[in-house]
Amino acid sequence: MRNLPRGLDPCGKRGTFSPKARLGRFHSAFGCCDTGDIVRNLDQKAEQRGQRVQNATAGRRKLPQAAGLPGQRGPVVMRWWRALALSLSLPLVALAPSAKALESIELNAPGASDSLIETLRASSLLLTAQTTDRTAPLDLMAAARAEYGRLITLLYEEAYYAPVIHVYVDGREAADISPLQNPGQIDNIRIDVTLGPQFTFSDVSIEPLAPGTELPEGFAVGQPARSTTVRAALNAGLDAWRARGHALAEAADQQIVANHRDHTLRVRLRLAPGEALRIGAITPAGQQRTRPQRIVDIAGLEPGVLHDPEAITDAETRLRETGTFASVVLETAETANPDDTVDVTIRVDEAPLRRLGFGAEIDSESGGRLSGFWLHRNLLGGAERLRLEAAVDGIGARVGGLGFTLDARYTRPATLDPDTDLELGLSATRLNEDDYLADAYEASGLLRRQFSDALEGEAGLSLRFENASYDNNSGVTIYRDFGTFGIPVSLTHDTRDEALDATSGHYVSLDAMPYLGFADAESGIRLQFDARLYNDLGTEGRVTLAARAQLGAVVGPAINNTPRGFLFYSGGGGSVRGLPYQSLGVTVGNVNSGGRGFAALSTEARVRINDSFSVVAFADAGAVSSGAFSGQNDWQAGGGVGVRYATPIGPLRLDLAVPIRRNAGVTGSNLQIYLGIGQAF
């Protein structure tokens, strides 16, 4: 593309517009320019191959100027003598004395809205360099030359197609400074942006469209002609065809012309949907230890069915959720087979086989808890997981004593179908609580099915045996053996944005386990319900209100014939903060124990101070009853404040809480301290 004389903008109008910012093909004689490259870089085939095309911008592939390179004729090739001169100049630059620190970088955009100013500042390469202390003259000049292309792309996205951009380095236009004559010192930089008029759509068309295609509302005559709207319309048209099995749909032609006299943009897009295609051969690639057939089974794609992008995405998700693979990409072939099928390659990169992890929690009453696990991600070559976990609790506890948990879990994905996993477990637990001491052993097997992105269900079998001892109020020790054979089932609906630090969505879980009792246990059913709701009030997570409700019941057996581990208590970090751990139970038959009924409510207000710290205010209340829904009962409440510190594995939580209402006979400190990872709920 020819270099325009200094003083002309892209369409031949007067003004200073650096060659670095020139985009598109110019037709100044008619007062308009072809900006067709706005969407030319949207390589839709790449997306079908499992790649994500992001921020495709005008001219970056066709015209080097858009990427901040000098205007040239033909390919970007440096002549040999320029390369030699540059190589000789580099040692001189390196030997130059250190320069005085940069004093200021100023960005001016008269008439721009506050939000646009904020976006320009956030996108500026020069301001980013200043923020990250990359202020050496060479770094600043590289950023200054690329600034034109960076800002013009952003302005196109806001429908400004006739801007004038200056980048002054100590009063000199950055585009006029030779790369071989970079200044040895830079004091001040000023970025001046004249927006010009905002363009609107004068004519829009995209065809052919699949039935039911929903185009963006802004893709209409008279609306701001944002380049992002054009790309969104193109994507909507292609996605609609692909959803109907036209896997190789692509953009066939585009005519996008900006009229600088009328300040309008004309957009005409034509699509080539191609034939509807079925899935052909499915071929795994990149695996080293995983059997190819298991990869295909977990993915869940079936040869011969209509190609569906949603099915491709679901297959990628299933494979990632096994934990066996560090990356998963499903690539659709670029050409169809003669029988109207298209092949799919499952390209994987396996994660390290083993993983170690640990956790820690501190409660001022129940003491500390330390846990650790060892995980094997591909035990038998079929993406099976084996997790061994150990935990010690009650460390330094004021109530109860030292307890432990040993747990082993084997998980096999895609057991009955691609969405159903098999889990087998063995566990041994010592419960050393204030009211009782119990050793429990459990063997379980269950099937876990993912019904949708949010809905999950479980069903299985559980054999549990518990040796328990506890004292009555007369000091007599009672020994009991409780055996149960249960059928646990559960449903969970989870729409939270982040499991450990949710700001929106909800979590609802319902567990039921009918069981047959033997030895000293009577038969019954154990029920649990947990509902959590999160709302950031439209503040993008700066302020979040959270609420939680819990219910529990054991229906059928008497308390004395119910396993100690099945009964409910209130108090502590999982129910009512501010009251000692398990400080609220019931007394039945001269024996202190948990109850057969339980209810709790919790609320929190979370306020983010900055990217690292948040503060929290909370209040909790809980009640326990001797019967499932009746009988002797009492309630307690607590509240307090806390601090959260963001970490890569979730927020570090510190809560300070005091009692608001003590239940009768409760003892312990007025101040309770809780430390852990993740929000309280």
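The values are calculated or read from the model by the stated rules, or taken from the named source; none is laboratory data. Not measured: the values here are computed from a predicted model. Backbone-built Cβ (ideal geometry, glycine too); neighbour counts: all protein chains shown. Side chains are part of the model used for accessible areas, which takes the heavy atoms of the whole protein and leaves out ligands, DNA and RNA. Shrake-Rupley method; radii C 1.70, N 1.55, O 1.52, S 1.80 Å.
How much area per residue is accessible in the stretch 171-250 when the probe is 1.4 Å and only protein heavy atoms are counted (Å²)?
Value returned for the stretch 171-250: 44 Å² of accessible area per residue.
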query = So how strong a dipole does the stretch 292-440 carry about its Cα centre when Lys and Arg Cβ are +1 and Asp and Glu Cβ are -1, to the nearest 20 debye?
reply = 880 debye
ask   = For the stretch 450-515 and the stretch 243-271, what is the separation of their C-alpha centers, rounded to whole Å?
value = 55 Å
key: Vicinal HN-Hα couplings computed from phi for the stretch 156-163 (Karplus, 6.51 cos²θ - 1.76 cosθ + 1.60; Hz; Gly/Pro x)   = 4, 5, 9, 6, 9, 10, 9, x
note = Phi angles of the stretch 174-191, converted by Karplus (6.51 cos²θ - 1.76 cosθ + 1.60, θ = phi - 60°) into ³J(HN,Hα) in whole Hz with x for Gly and Pro, give 4, 5, 8, 8, 5, x, 8, 10, 5, x, x, 8, 10, 9, 9, 10, 10, 10
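According to the Cα gyration tensor, what semi-axes, each the square root of 5 times an eigenvalue, does the equivalent ellipsoid of the stretch 256-341 have, listed from largest to smallest in whole Å? Working shown, then result.
Numbers: eigenvalues 286, 70, 22 Å².
The three semi-axes for the stretch 256-341 are 38, 19, 10 Å.
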request  = List the extent of the Cα atoms of the stretch 546-656 along each of their three principal axes, largest first, rounded to whole Å.
outcome  = 53, 24, 20
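As an exercise, take the mean of 1/r over every pair of distinct alpha carbons in the stretch 460-541, invert it, and state the Kirkwood radius in angstroms. Intermediate values should be presented prior to the final figure.
Working: mean 1/r = 0.0625 Å⁻¹.
Its Kirkwood hydrodynamic radius stands at 16.0 Å.
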remark   = Per the Kirkwood formula over distinct C-alpha pairs, the hydrodynamic radius of the stretch 147-238 in angstrom is 15.8 Å
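Provide, as a two-decimal number, the C-alpha radius of gyration of the stretch 197-290 over 2.2 N^0.38 Å, N being how many residues it has.
On the way: Rg = 17.6 Å, N = 94, 2.2 N^0.38 = 12.4 Å.
Computed over Cα atoms of the stretch 197-290, the ratio equals 1.42.
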ask   = Over all distinct Cα pairs, what is the inverse of the mean 1/r for the stretch 301-353, reported as the Kirkwood hydrodynamic radius in Å?
value = 12.1 Å
message = Quick check on the stretch 357-488: what are the equivalent-ellipsoid semi-axes from the Cα gyration tensor, as sqrt(5λ), descending, whole Å?
response = 33, 19, 13
remark   = quick shape note, the stretch 615-672: Cα extents on principal axes in Å, largest first -> 46, 25, 16
ask   = With the calculation restricted to Cα positions, what are the radius of gyration and Dmax of the stretch 231-383 in angstrom?
value = 23.1, 76
Dimensionless Rg over Rh [the stretch 137-191; C-alpha; Kirkwood] = 1.02
Cα-projected label distance for ALA428 with GLN632, points at 7 Å along beta-carbon direction, nm = 3.5 nm
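From largest to smallest, what semi-axes in whole angstrom does the stretch 563-621 give when each is the square root of 5 times an eigenvalue of its alpha carbon gyration tensor?
On the way: eigenvalues 214, 17, 17 Å².
Those come to 33, 9, 9 Å.
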query = According to a simple spin-label model (label point 7 Å from Cα along Cα-to-Cβ), what is the distance in nm between ALA101 and THR132?
reply = 2.0 nm
query = When the label point is put 7 Å from the Cα of ASN592 along its Cα-to-beta-carbon vector, which residues of the stretch 466-503 have a backbone N closer than 16 Å?
reply = 469-478
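Kindly state, to the nearest 0.05, the FRET efficiency for ILE525 paired with ALA454, given R0 = 30 Å and r defined as their beta-carbon distance.
On the way: r = 26 Å, r/R0 = 0.88.
After rounding to 0.05, the efficiency reads 0.70.
If you stretched the chain out fully between PHE485 and SER115, how much longer would it get, using 0.36 nm times the residue separation minus the C-alpha to C-alpha distance?
Values: separation 370, 0.36 × 370 = 133.20 nm, distance 6.19 nm.
Full-extension gain reported as 127.0 nm.
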